[in-house]
Structures are given as structure tokens and as C-alpha cells.
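Written below as C-alpha cells is the structure these notes are about.
What follows draws every value from the coordinates through simple rules; no lab data is involved. What you see is a predicted model, and the numbers here were worked out from it, not measured in a lab.
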Amino acid sequence: MSNALETIKDTVTKNDVVLFMKGNKLMPQCGFSSKVAGILNYLGVDYADVNVLADAEIRQGIKEFSDWPTIPQLYVKGEFVGGCDIAIEMTLSGELDALLEANGVAFDKAAADKIREANAG
């Protein structure tokens, strides 16, 4: 497992944004992973995707690494952000925009506004 933890740490350190998910950004294999990947894709965020279904040690290791029991898991600049519900809440509140902006991660602000407008009221 220590190899998996080293791989995970290396991945979150070397990439500005990482999504540990079931499937990949082009073909998510669960609804929760699909929602978070959909947000990042729509916002045009350049992110690394890690398919936890491809490696049982990574799948278990990411849960230990973050002390978070579920997948997907979103990281920005090496920091664990959260899972699906948190990513959605942060998108709707504008917190995700602020986090990305504060960390110098490029994204489409107009797309973020469209998501909020579509979910208003």
C-alpha cells in the first residue's frame, strides 16, 4: 500500500487539479464521478483524472490518503477539496471559482456563472 500512497502523493503534487474517480473524464463509470467530471469539463479546467477502478491499491489508498471514504475525490494544488456533494455546493456558491482563482487555475468564469444561473431559484 505504501507504493500506492506514494503514487497518490506524487499525482496530487505534480498536477494542479486531480480527480480520483470511477472511470475517466471522457467516460465516467458512476453518477457521482460523472457529476464532478462534468463540472470540471464544463468549466474547461485542465485536470488529471485517475481511474480508481483500474487499480485496487489506488482505490483503497486514496481513501486512506484523504481520510475520506468515498469516490470521487477532488484535489486542487495538493489539497483535498471533497467529493461530489462538496464540489457541487462549492460550484453553486462560487467557492470553487474562488479556490481555482486563488490557486492560479484557469477556468471559464462565464461557464461557472451559467451553472449557477441554471440552478438558481
Antiparallel bridge percentage (DSSP; both residues within the chain; nearest 5) = 70
task = Select one label from [x] 0.96; [y] 0.91; [z] 1.28: the one whose number is Rg/Rh (Cα atoms, Kirkwood Rh) as derived from the coordinates shown.
result = [x]
key: Angle in degrees between helix 56-66 and the longest Cα principal axis of the chain, rounded to the nearest 10   = 60
request  = In Å³ and rounded to a whole number, note down the convex hull volume per residue for the Cα atoms of segment 65-121.
outcome  = 81
ask   = Given the C-alpha centroids of segment 86-121 and segment 43-79, what is the distance between them in whole angstrom?
value = 20
